Amino acid sequence: MRSLAAMTWEEARDAAGPRTVAILPVGAIEAHGPHLPLETDVIIAGAMARAGALHLEAIGLRALLLPPLTYTSADFARGFPGTLSLRPGTVTDVIVELAAELGRQGFGLLAIANAHLDPGHLAALEGAVDQIRRDSRIAVAFPNLATRPWALRLSEEFRSGACHAGQFETSIVLAERPELVREATRAALPGNPASLSRAIRDGKGSFEEAGGPRAYFGFPADATAAEGRATIEVLGEILAEAARAEMSTVGGQR
């Protein structure tokens, strides 16, 4: 896999083509408990993007990693210092314009590797995908991990909705960036089984209202790097499958 940001303009020109998948990691800068960094979602999205790129290249497609989108809508965490939240419409506009630029330059597909599940953010991504499919010269793949069938392939904690800075996310950070985990704090954290997904359905609008006064949900003390590595592999498979299906639909596989 190659990184667009590390290329020269001539290398970027030569990398473009109908069989090239441009992968956009999408995360957030927001509170992730007292034990994980604010960039946790960015770390997870980057791991998903790299794993997906390897799977795509294994089936004969070219994969190009874009610089991550690190700022987005994160209203659920706005009560916590360090969280930087944008309007959902701003996020939609940025992704639509990025897609238009990639399409103009001849790339075949934009694949969104998203690790941030704030409802405003997900709505912004869905809106962007709809607009790209209507108006752009590039195909787009966005496997929304909060929906079927993708969610069913992830951990029990993830499916429960108690998965923000819990075992699921903490395991991935332990696998990718263990030096950023505040280990003594993590090991002492009690489990928090409150479900964010249920709270969202019930109309709650913040981590505090949802039962997460320290901005974590789930069981971070149970996290392991081994689980994180296994989860990254599944996330990569999900991204590659969604991208391959979209490429097939638009004829990119022929």
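The values are calculated or read from the model by the stated rules, or taken from the named source; none is laboratory data. The shown structure was predicted, so the numbers you read here are calculated from the model rather than taken from an experiment. Virtual Cβ from ideal backbone geometry, glycine too; neighbours counted across all protein chains shown.
Structural remarks
- Residue selected from region 144-159 under the condition touching a helix residue (DSSP H, G or I) at 6+ places or on another chain (Cβ under 8 Å) and in a helix (DSSP H, G or I), by the criterion farthest from ILE43 (Cα to Cα): LEU152
- Considering LEU102, LEU110, the condition of being crowded, with 24+ Cβ neighbours inside 10 Å and in a helix (DSSP H, G or I) is satisfied by LEU102 alone.
- Breaking point among (1) in contact (Cβ under 8 Å) with a residue 40 or more places away in the chain; (2) surrounded by 16 or more Cβ atoms within 10 Å (Cβ to Cβ); (3) not acidic (Asp, Glu), for SER195: (1)
- Within region 114-139, the only residue that satisfies the criterion of being more than 21 Å from ALA47 (Cβ to Cβ), outside any helix (DSSP H, G or I) and either under 16 Å from the mean Cα position of the chain (by Cα) or among the polar types (S, T, N, Q) (or both) is SER136.
- Test: residue in region 199-210 that is touching a residue at least 60 places away in the same chain (Cβ under 8 Å), surrounded by fewer than 16 Cβ atoms within 10 Å (Cβ to Cβ) and of a type in the set (Lys, Arg): no
- Residue in region 171-178 that is surrounded by fewer than 15 Cβ atoms within 10 Å (Cβ to Cβ), under 18 Å from THR224 (Cα atoms), of a type outside the set (S, T, N, Q) and touching a residue at least 40 places away in the same chain (Cβ under 8 Å) present: yes
- Region 168-189, residues that are more than 26 Å from ILE23 (Cβ to Cβ) and in contact with a Phe, Trp or Tyr (Cβ under 9 Å, 6 or more places away or on another chain): LEU189
- Any chance ALA165 is among the small types (Gly, Ala, Ser), surrounded by 15 or more Cβ atoms within 10 Å (Cβ to Cβ), within 19 Å of the chain's Cα centre (by Cα) and not in a helix (DSSP H, G or I): yes
- GLY33 vs. criteria in contact with a Phe, Trp or Tyr (Cβ under 7 Å, 6 or more places away or on another chain) and farther than 14 Å from ALA111 by Cα: yes
- Checked against (1) within 16 Å of the chain's Cα centre (by Cα); (2) without any contact (Cβ under 8 Å) to a residue 60 or more places away in the chain, PHE142 passes all but a single condition, namely (2).
- Complete set of residues in region 74-90 that are in contact with a strand residue (DSSP E or B) (Cβ under 7 Å, 6 or more places away or on another chain) and either of a type outside the set (Lys, Arg) or at pLDDT below 95 (or both): ALA74, ASP75, LEU86
- Flag if VAL173 is β-branched (Val, Ile, Thr), in a helix (DSSP H, G or I) and under 26 Å from GLY212 (Cα atoms): yes
- Restricting region 24-59 to residues that are outside any helix (DSSP H, G or I) and of a type in the set (A, V, I, L, M), the residue that is surrounded by the fewest Cβ atoms within 10 Å (Cβ to Cβ): ILE59
- From the options GLU183, GLU209, residue that is under 25 Å from ALA47 (Cα atoms) and either out of contact with any strand residue (DSSP E or B) (no Cβ under 9 Å at 6 or more places or on another chain) or of a type in the set (Phe, Trp, Tyr) (or both): GLU183
- Evaluation of VAL21 against (1) surrounded by 21 or more Cβ atoms within 10 Å (Cβ to Cβ); (2) not in a strand (DSSP E or B) (one fails), failing number: (2)
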